[in-house]
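Below is one structure, written out as structure tokens; the observations come after it.
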Amino acid sequence: MFSLYVSLCSKITVDLTMNRMECFFGMVDSPAELAGSYAMQTNEQFNFSFRISSQKDNNIFESNKTSDQFVVPAIHAGVYRLCFTSLRILSKEEKEANGNTTVDAKLTFEYNQLKAEKSSSDKLGLVLNSIDTSVSKIQSEYRSVRMNEQELQRNTAQAKRRMWIMFFIEVGCIAAAVGFQTVYITRLHKRV
């Protein structure tokens, strides 16, 4: 795999070997847009794909065209991977007639990183971000209150159970005491 770190503005022409994946990498420091174009030149029939991905998103842009232009948002800072894959399936006759099965193609690739400019949409983004932060805090507080409420309900249920147990023990003790007194008083009257 051939790798190249691409800077803010690059135009590259490279030879690509068929049945290989070639990747270029671009570092994005802050929100930006990745813009560019590419074109493959070859006389052979082949399947081709171009894909842009990042560490956070595996598939930001994908195309099966041999030439195309792209403008994609790079929302997160980090390394962006731009990969070209070229596949050619040789027939049995082609393999037997030609021992050399590698076919090269020319790739012309232009890449620009457009820095995001502060605008009214950024102000909206800041407002939305503050709303999102506020909603997150409210959700966190709500979860905390719900957990405290559930703990209070559990403690109340346990206290209620203990109260009923103590009530039945007291009632049992009172009933036993009343029964004992009744038996004792009845025996005393029978003796007299």
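Explain nothing, just the number: dipole magnitude of region 119-192 about its Cα centre with +1 on each Lys and Arg Cβ and -1 on each Asp and Glu Cβ, in debye rounded to the nearest 20. Don't jump to the answer; show the numbers that get you there.
Details: 11 positive and 6 negative charges, 163 e Å.
The calculated dipole for region 119-192 is roughly 780 debye.
As a proxy for reagent exposure, ranking F109, F46 by other Cβ atoms within 10 Å from fewest up yields F46, F109.
Bear in mind that the values in this text are calculations on the coordinates, not laboratory data. Everything numeric here is computed off the predicted structure, so don't read it as measured data. When we count neighbours, we look across all protein chains shown, and the Cβ atoms used for this are built from the backbone with ideal geometry, even at glycine.
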